[in-house]
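Working notes, beginning with the structure itself.
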Amino acid sequence: MSYRDLLRSLGAATERKVMVAHAALTAGTIRTESEFISIVASIVAKANGSAVALADLSLAATLTLQLREPVAALGLLPPASDPERLAKGLGSILSSEQLDTAMQLGRLALRAAHNGRPLLLRGDQVLEARLRLDERDLGVVLRALRMVGP
């Protein structure tokens, strides 16, 4: 399974879980919006963490193949503020009367799978993760990124 296939699968699974939670809110099984926000923020934050780990492993695998020498994953983590950001976004979605709530929740879930991608920008851009790399390591990473391309 390719990196993109794994991302699609993660996004679809996250969307299903969020839609089940939304159905439970609508049916009254989840009784408060606050409880719903907490549940969905946890689901999406977990998916964000998986997406970041997948991007990290994918980068290590790509670098290993391109450089023909082992490159370890960096152990990257999503931002610590992720749950708070998600809760705020969910509150906005639920309070808006002009948005299709189910559609917006689905988008939020699908975006979770792609949150690992900003860690790696290609071309003449730089690695955006907050990494402590010595000069040699950074040079190896940047050379490999130019080899991989978009």
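Derivation of every value follows stated rules applied to the coordinates shown; laboratory data play no part. Everything numeric here is computed off the predicted structure, so don't read it as measured data. Methodologically, a virtual Cβ is constructed for each residue, glycine included, from the backbone with ideal geometry; neighbour enumeration extends over all protein chains shown.
A few remarks follow.
- Fraction in percent of alpha-carbon pairs per bin - 5 Å, segment 21-120: 2, 13, 19, 20, 14, 10, 8, 6, 4, 3, 1, 0
- Calculated FRET efficiency for the pair GLU97/SER38, C-beta based, R₀ 25 Å, to 0.05: 0.65
- Here the Karplus curve 6.51 cos²θ - 1.76 cosθ + 1.60, taken at θ = phi - 60°, turns the phi angles of segment 92-108 into couplings of 5, 4, 5, 7, 7, 8, 9, 9, 7, 4, 4, 5, 5, 5, x, 4, 4 Hz, with x standing for Gly and Pro.
- Residues SER92, SER58, ranked from the fewest to the most other C-beta atoms within 10 Å, line up as SER92, SER58.
- Annotation: the residues VAL71, VAL52, VAL44, VAL20, sorted from fewest to most other C-beta atoms within 10 Å of their own C-beta, follow the order VAL20, VAL71, VAL52, VAL44.
- Between amide H atoms placed 1.01 Å from N, distances below 5 Å from ILE30 occur with LEU25, all of them 5 or more places distant or on a separate chain.
- For VAL71, residues with placed amide H under 5 Å, excluding near neighbours: THR64
- Rounded to the nearest Hz, the phi-derived 3J(HN,Hα) couplings of segment 33-38 under the Karplus curve 6.51 cos²θ - 1.76 cosθ + 1.60 (θ = phi - 60°) are 5, 4, 5, 4, 4, 4, where x marks glycine and proline.
- Put in line by how crowded their Cβ is, counting other Cβ atoms within 10 Å and starting with the fewest, SER38, SER96 read SER96, SER38.
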